[in-house]
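Single-structure report; data block below.
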Amino acid sequence: MSLTETNLDGILPLIAKGKVRDIYQVDDNSLLFVATDRISAYDVIMENGVKDKGKLLTQLSVFWFEFLKNEVLNHLIASTDEEVFAKLPAKLSEPKYKSQLSKRALIVKKHKLIPLEVIVRGYITGSAWKEYKKSGTVHGLPAPKGLQESDPFPTPIFTPSTKAEQGEHDENISPEKASEIVGKEICDRVAAKAIELYTKAKDYALTKGIILADTKFEFGITEDNELVLVDEVLTPDSSRFWNKATYKVGQSQESYDKQFLRDWLTSNSLNGKEGVSMPENIVVQSSAKYVEAYEALTGKKWSS
């Protein structure tokens with residue numbers, strides 16, 4: 001069974017509901033993040049979910065937060081079930097709530113958020129490839145001549161986008177435009193830190209046979225003006241992972257993400273349509289890809 005909705009019966013107030021996460025207020029300084037099994041494509045959430053997806057995203061994020069902890073602060077307060085339930089009202093340890101929260105809940109510190117999707121690209125693909133074919137630029141910036149689809153950039157590049165409300169589209173913007181939104185000093189710091197984190201993660205992933213083509217980070221800022229890594233990090237929902245063994249320049253690559261779902265929606269002219277349920281084979285294939293990415297990157301066998 002997949003979990004597409006959480007219901008804590010008002011024990012904690014639900015303050016936000018994203019495409020995947022339900023966010024509850026724990027106290028004035030902390031939040032409960034619960035990753036459901038909801039899955040979206042083309043900015044539309046499917047009617048049914050992918051079994052264990054939320055657990056996999058949560059546990060993979062915890063792995064990366066730990067991996068990057070010496071490079072950047074993060075917002076984690078409690079990340080294991082034992083730590084999480086110890087900080088929640090005792091009633092939430094009852095089976096009906098525990099089954100919703102186990103392995104998919106984090107308690108995080110509230111921070112002022114920097115309103116950018118902080119995207120780092122190491123390879124040219126997706127919307128960047130479309131723009132490059134059309135104008136020779138990426139996010140409005142000149143790009144090297146003669147690139148083929150899926151080629152690596154000479155060095156990773158910072159290509160931000162706006163942070164849209166649910167149901168709206170993020171808009172690719174130039175670093176210059178991002179500076180206008182958040183200020184040049186913050187923008188430059190975010191860009192440098194994001195490229196540093198991406199590079200460390202990319203180099204690690206290659207040792208596991210996986211190419212990290214691009215990723216999206218989100219940052220907050222402390223009262224002392226330090227950057228904090230927040231939200232999820234380096235999951236198949238926020239990143240493009242490719243299998244190094246099948247990687248071939250000059251074509252699109254098979255990703256460890258929602259590609260089965262996107263392809264099915266497109267072939268059935270359902271992309272962007274509301275109220276769509278996935279057939280079982282798409283659910284199973286999608287679930288298997290999330291498990292494969294988790295196991296390859298962490299070196300651990302997945303057990304739900």
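Points worth noting:
- Estimated inter-spin distance, Met1 and Lys17, nm [label 7 Å along Cα→Cβ]: 1.9
- For Tyr123, the amide hydrogen comes within under 5 Å of the amide hydrogens of Phe153, counting only partners 5 or more places away or on other chains and with H modelled in the peptide plane.
- Going by accessible surface with a 1.4 Å probe and the largest first, Trp242, Trp264 read Trp264, Trp242.
- Each residue of region 281-298 was assigned a 3J(HN,Hα) from its phi angle through the Karplus expression (A = 6.51, B = -1.76, C = 1.60, θ = phi - 60°), giving 5, 6, 4, 5, 5, 5, 4, 4, 5, 4, 5, 4, 5, 4, 5, 5, 6, 8 Hz with x at Gly and Pro.
- Shape analysis of region 49-90 places it in the oblate category; the axes a ≥ b ≥ c from the Cα gyration tensor give an a/c of at least 1.5, with a/b not above b/c.
- Counting only protein heavy atoms and a 1.4 Å probe, the chain has 47 square angstrom of accessible area per residue.
- Spin-label zone in region 22-51 - amide nitrogen under 19 Å from a point set 7 Å from the Cα of Ser269 along the C-beta vector: 42
- The order of Glu83, Glu180, Glu71, Glu66 by accessible area, most exposed first and with a 1.4 Å probe, is Glu180, Glu66, Glu83, Glu71.
- Note, ³J(HN,Hα) from phi for region 100-110, Karplus 6.51, -1.76, 1.60, rounded to Hz, x at Gly and Pro: 7, 9, 4, 6, 10, 10, 10, 9, 10, 7, 6
- When each of Lys51/Lys258; Lys17/Lys184; Lys69/Lys202; Lys19/Lys53; Lys17/Lys51 is checked by Cα-Cα distance, pairs over 21 Å: Lys17/Lys184
- Applied to region 251-260, the Karplus parametrisation 6.51 cos²θ - 1.76 cosθ + 1.60 on θ = phi - 60° returns per-residue 3J(HN,Hα) values of 8, 6, 10, 6, 9, 8, 8, 8, 4, 4 Hz, with x for Gly and Pro.
- If R0 equals 45 Å, the separation of the Cβ atoms of Gln251 and Glu223 corresponds to a calculated FRET efficiency of about 0.40.
- Dimensionless Rg/Rh of region 57-183 - Kirkwood Rh, Rg from C-alpha atoms: 1.10
- Extension gain, Asp203 to Thr155, is 16.0 nm, computed as 0.36 nm per intervening residue step minus the present C-alpha separation.
- Evaluated with a Cβ-only charge set (Lys, Arg +1; Asp, Glu -1), the chain carries a dipole of roughly 680 debye about its Cα centre, given to the nearest 20.
- Dividing the helix sum by the residues of the chain, where each DSSP H run of 4 or more adds -39500 (n - 2.57), gives a mean residue ellipticity at 222 nm of -10000 deg cm²/dmol.
- Segment Arg262-Lys163, extension gain: residue separation times 0.36 nm, minus the distance between their alpha carbons: 33.5 nm
- Ligands, DNA and RNA left out, the 1.4 Å accessible surface of region 175-227 is 49% carbon and sulfur atoms.
- Between the amide H of Leu73 and those of Leu229, distances stay under 5 Å, these residues lying 5 or more places away or on another chain, with hydrogens modeled in the peptide plane.
- Ranked by solvent-accessible area (1.4 Å probe, protein heavy atoms only, all chains present), the residues Met46, Met1 order from largest to smallest as Met1, Met46.
- Measuring with a 1.4 angstrom probe and ignoring ligands and nucleic acids, Lys248 comes out at about 120 Å² accessible.
The values are calculated or read from the model by the stated rules, or taken from the named source; none is laboratory data. Worth saying up front: this structure is predicted, and the values here are computed from it rather than measured. With ideal geometry, Cβ positions are generated from the backbone for all residues, glycine too; neighbour counts draw on all protein chains shown. Note: areas computed on protein heavy atoms with side chains; ligands, DNA, RNA excluded. Shrake-Rupley method; radii C 1.70, N 1.55, O 1.52, S 1.80 Å.
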